[in-house]
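Colleague: One structure follows; several queries about it will come next.
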Amino acid sequence: MASGERRAPTDEALRSARAAIEYCYEQGWTDGLPVVPPLNELVDEFLGQTARDPGEVLMTVRHLERSCTVRQAAINSVMAGCKPDYFPVILAAIDAFASGAGMVTGLLQSTTGQAEIVVVNGPIRQRLNFNCQDNIFSPGDRPNATVGRALRLIIMNALGIRPHVFDQSTQGTSAKYSCCIAENEEDSPWEPLHVERGFARDTSAVTVQMVRSDLYVEHRGTQVPEEILLTIADSMSYAGMITQITEERILHGSVVVMGPEHAQIIAKQGWSKHDVKRFLWENFGKTKGELRGFGKVARDLEDKANDAFIHTGGSPESILLVVAGANNAGVSTVCPSFTVGRAGIGNGTSRIVLKRD
Amino acid sequence: MADGTVFEKRGIPAAAIITHTFTASANAMAQRNGFPDYRYAMIPHPLSSLNPEQVKQRAHEVLPEILAILGIEEKARTVSAAAS
């Protein structure tokens, strides 16, 4: 056996591991999948990746009187199966969530049942092997799978928002298991998300938003930007993503994860990222007549004409656009969001700070 | 549910109303806020899809329970019993 290879565990070690895994299930610490038992020495390895105090409170849910400390974040990151050097990414993700989507009280408990999407930018993607190419939304890559999972375990264990009790999701979404992608900055024709938000390209950052699901979009047969973008906008605007239970029209947003092939076709025709967001926003919505047919006309739209276009988003900033996935087909994804572009909360992007910084 | 217990803690009488599908989270919330036996009013689910007439009907049906929670119904009965 070459040096550095791990020796296969003994049967006795495996029996102990099984007992520890079952213990974690019995304590109610899991998301339904086995977790890595959080030995103190493992937690300490994670805490060693940051200069932040283990007792520092990262976020609080006031009405539940629950908080997550740096130590609790480390414990749940161990359980999620992260490696210690992922921990600064997770800390930045909690900061991003706490200052952004997490400020909308009660959202984590809502019947809507949304997931947190984590988008990683900058050099840390290569350093830690985050996947930004094929299968970004699928299983297979440890950083993507475990960082997204860590956030959900933090919500369940540290914040106490668990199914059947405080998490009231009617159905939820499988994205709640884990939804962490990295932007494919190398195949993108535009500036990456963190640069758009004011960070230097060689700074690493993470963005967190809440999304209701991820919806598949394809257009393989055109080189006309408008045809691709209208297809994406139509997919963003489906009737079921519109919440309408109040007198006033409720604004929404969307995370658009554009595949590199679509992005390159569009950019080749001279479209900037700003042009794309504006066009998508202009076509993100439905006419009043269509909304009436779906029974989703807000009372404050009564004076609008039947053919008036009712925007679902408040502005082009209701669209968060990233480029990710393989450059092998005309496929993109849209994720309806209640928090992208919402007034009164942060934009959900935080710098990843390494201990040596 | 959280609002009801917060009001009560501040000495402001409150009656919380839930639809019956939320009893698990309602009880958890009341327990969380230190009111394990918190009494709330319950109406049938759903509510958000009802028309205004149906909502009024629900309000009429739950009113006696709300008065009882606020202690008004008992007081009204005591006063009328003393007067007779």
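Read-outs: derived from the displayed coordinates by stated rules, not from any lab. The model shown is predicted, which means the values in this text are computed figures rather than measured ones. Because the Cβ atoms are built from the backbone with ideal geometry, glycine has one as well, and the counts that use them run over all protein chains shown.
Colleague: From Cα pairs below 8 angstrom and at least 6 apart in sequence, can you work out the relative contact order of the range B:2-83, rounded to a whole percent?
Modeller: Once divided by the residue count of the range B:2-83, the mean separation gives 27 percent.
Colleague: Let me ask something else about it. Give me D for the range A:168-287 in µm² s⁻¹, whole number, from Stokes-Einstein with Rh from the Kirkwood sum over alpha-carbon pairs, 4 °C and 1.567 mPa s.
Modeller: 79
Colleague: Another question about this same structure. List A:Trp190, A:Trp271 from most exposed to least, where exposure is judged by having the fewest other Cβ atoms within 10 Å.
Modeller: The fewest-first ordering by Cβ neighbours comes to A:Trp271, A:Trp190.
Colleague: Treating only the Cβ of Lys, Arg, Asp and Glu as charged (+1, +1, -1, -1), what charge dipole size does the range A:1-104 show about its Cα centre? Round to the nearest 20 debye.
Modeller: For the range A:1-104, the charge dipole is close to 140 debye.
Colleague: Turning to a different aspect of this structure: Treating the beta-carbon of each Lys and Arg as +1 and of each Asp and Glu as -1, no other charges, what is the dipole magnitude of the protein assembly as shown about its Cα centre, to the nearest 20 debye?
Modeller: 620
Colleague: Also, I was wondering about something else. For a footprinting-style exposure proxy, rank B:Thr23, A:Thr173 by other Cβ within 10 Å, fewest first.
Modeller: B:Thr23, A:Thr173
Colleague: How large is ³J(HN,Hα), in whole Hz, for each residue of the range A:45-56 in order, when computed from phi with the Karplus curve 6.51 cos²θ - 1.76 cosθ + 1.60 and θ = phi - 60°, using x for Gly and Pro?
Modeller: Whole-Hz 3J(HN,Hα) from phi for the range A:45-56: 4, 5, 4, x, 8, 9, 8, 6, 5, x, x, 5.
Colleague: For the range B:2-83, just run the numbers: alpha carbon Rg, then divide by 2.2 N^0.38 Å, N being how many residues it has.
Modeller: Expressed relative to 2.2 N^0.38 Å, the Cα Rg reads 1.24.
Colleague: Could you compute the net charge surrounding A:Ala115? Neighbours are other residues with a C-beta less than 9 Å from the C-beta of A:Ala115; K and R count +1, D and E count -1.
Modeller: +1
Colleague: Something else about it: Averaged over B:32-39, how many beta carbons belonging to a partner chain fall within 10 Å of each residue's beta carbon?
Modeller: Across the residues of B:32-39, the mean count of other-chain Cβ atoms within 10 Å is 1.
Colleague: Once the other residues with Cβ under 14 Å from the Cβ of A:Ser235 are scored (Lys, Arg +1; Asp, Glu -1), what is the net sum?
Modeller: -2
Colleague: Share of antiparallel DSSP beta bridges in chain A, in percent to the nearest 5?
Modeller: Antiparallel bridges: around 75 percent, rounded to the nearest 5.
Colleague: Considering amide H positions built from the backbone, and no H for Pro or chain starts, which residues 5 or more places from A:Gly313, or on another chain, come under 5 Å of its amide H?
Modeller: Residues meeting the criterion, in which the H sits 1.01 Å from N, are A:His252.
Colleague: Once you have the alpha carbon radius of gyration of the protein assembly as shown, what is it after dividing by 2.2 N^0.38 Å, with N set to its residue count?
Modeller: Here the Cα radius of gyration is 1.13 times the empirical estimate.
Colleague: Convert each backbone phi in the range B:30-38 into a coupling constant with the Karplus relation 6.51 cos²θ - 1.76 cosθ + 1.60 (shift: θ = phi - 60°), then list the ³J(HN,Hα) values in order as whole Hz, x for Gly and Pro.
Modeller: Listing the rounded values in order: 5, 4, 4, 8, x, 10, x, 10, 4 Hz.
Colleague: Report, in debye and to the nearest 20, how large the dipole of the range A:250-357 comes out about its Cα centre when Lys and Arg carry +1 and Asp and Glu carry -1 on their Cβ.
Modeller: With only Lys, Arg, Asp and Glu charged at Cβ, the dipole is about 340 debye.
Colleague: Averaged over its residues, how many other protein chain Cβ atoms are within 10 Å of peptide A:62-69's Cβ atoms?
Modeller: 2
Colleague: Sort the following peptides by mean Cβ neighbour count (other Cβ atoms within 10 Å, averaged over residues), highest first: A:238-251, A:153-166.
Modeller: A:153-166, A:238-251
Colleague: Enter the angle in degrees (range 0 to 90, nearest 10) between the Cα long axis of helix A:142-153 and the first principal axis of the Cα atoms of chain A, meaning the one along which they spread out most.
Modeller: The answer is roughly 90 degrees.
Colleague: If you don't mind, there's one more thing I want to ask. Which residue fluctuates the most in chain B, going by a Gaussian network model with Cα springs under 10 Å, if the choices are B:Ala24, B:Ala68, B:Ala14?
Modeller: Looking only at B:Ala24, B:Ala68, B:Ala14, the largest GNM fluctuation is found for B:Ala24.
Colleague: Residues with amide H under 5 Å of A:Thr69's amide H, sequence separation 5 or more or different chain, H placed in the peptide plane at 1.01 Å from N; which?
Modeller: Here A:Leu58 satisfy the definition.
Colleague: So for chain A, averaging the separation of alpha carbon pairs under 8 Å that are six or more residues apart and normalising by length, what relative contact order in percent results?
Modeller: Reported relative contact order: 21 percent.
Colleague: Residue by residue through the range A:202-211, what is 3J(HN,Hα) from phi via Karplus (6.51 cos²θ - 1.76 cosθ + 1.60, θ = phi - 60°)? Round to whole Hz and write x for glycine and proline.
Modeller: Coupling constants for the range A:202-211: 8, 8, 9, 8, 9, 10, 10, 9, 9, 10 Hz.
Colleague: At q = 0.13, 0.23 Å⁻¹, what log₁₀ I(q)/I(0) does a Debye calculation on the Cα points of the range A:213-337 give, no solvent, two decimals?
Modeller: -0.52, -1.30
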